[in-house]
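Just below is one structure, and these are the notes that go with it.
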Amino acid sequence: MTDSIVYICGICQQLLSPTDHVVQTVRVEQIHPVDGSTRELQLVGEWFHAGCWGDGSAPFREIDRGSLADVLGRS
C-alpha cells in the first residue's frame with residue numbers, strides 16, 4: 001500500500017513535493033474562560049512552501065521547517 005496523504009500549501013494551494021522547503025504550523029486560538037484568564041489552544045495547522053510563508057501568517061505559528069521529507073521524518 002502506498003502513502004496517499006497529499007500536502008497542499010495553505011497559500012498558493014499547490015502540491016508540496018518531498019524535496020520542497022516547507023513550513024509546518026499549528027493553528028493558534030485564544031480562549032477566554034469565565035475565570036477571566038486567557039488561554040492558548042494549539043490546533044492542527046497547515047503546511048506552506050517556505051517562500052509563501054514569508055514572515056508568517058496569523059493565526060498560524062511555525063513549528064518546523066525543512067524539506068517536506070525531513071519534516072515528516074521528525075514528526
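When each of the peptides 41-51, 19-29 is scored by how many other beta carbons lie within 10 Å of its residues on average, the order from highest to lowest is 19-29, 41-51. Remark: the stretch 23-72 carries a charge dipole of roughly 40 debye about the Cα centre, counting +1 on each Lys and Arg Cβ and -1 on each Asp and Glu Cβ. Between 31, 11, 63, the residue with the greatest mean-square fluctuation in the GNM of the chain (Cα pairs under 10 Å linked by springs) is 31. Our coupling estimate for the stretch 26-43, obtained by passing each phi through the Karplus curve with A = 6.51, B = -1.76, C = 1.60 and θ = phi - 60°, is 10, 8, 9, 10, 9, 10, 10, x, 5, 6, x, 7, 10, 10, 10, 9, 10, 10 Hz, Gly and Pro reported as x. Backbone geometry of the stretch 58-75 corresponds, through the Karplus equation with coefficients 6.51, -1.76 and 1.60 at θ = phi - 60°, to 3J(HN,Hα) couplings of 4, x, 9, 10, 5, 10, 7, 8, x, 5, 4, 4, 5, 5, 5, x, 8, 6 Hz, x marking Gly and Pro. Under 5 Å between amide hydrogens, built in the peptide plane, is the criterion, and for residue 10 it picks out 47, 48, 49 among residues at least 5 positions away or on other chains.
Suppose only helical runs count, i.e. DSSP H with n ≥ 4. What mean residue ellipticity at 222 nm does that imply for the chain under -39500 (n - 2.57) per run, divided by all residues and rounded to the nearest 500 deg cm²/dmol?
Values: 2 runs with 11 residues, N = 75.
Per the formula, -3000 deg cm²/dmol.
First select every other residue whose beta carbon is under 11 angstrom from the beta carbon of residue 30; then total the charges, Lys and Arg +1, Asp and Glu -1. Walk me through the intermediate numbers first.
On the way: positive: 39; negative: 29, 40.
Around residue 30, the charge tally is -1.
Among DSSP bridges having both ends in the chain, what percentage is antiparallel? Round to the nearest 5. Mind dumping the intermediate values first?
Values: 17 of 18 bridges.
Close to 95 percent.
Distance between the 7 Å Cα→Cβ label points at residue 41 and residue 61: 1.5 nm. A value for volume of the Cα convex hull per residue in Å³ was derived from the coordinates, and within the list (1) 79; (2) 115; (3) 94 it appears as (2).
Bear in mind these aren't lab numbers, they're just calculated from the coordinates by the rules spelled out. All values derive from a computational prediction rather than experimental measurement. Every residue, glycine among them, receives a Cβ derived from its backbone with ideal geometry; neighbour counts consider all protein chains shown.
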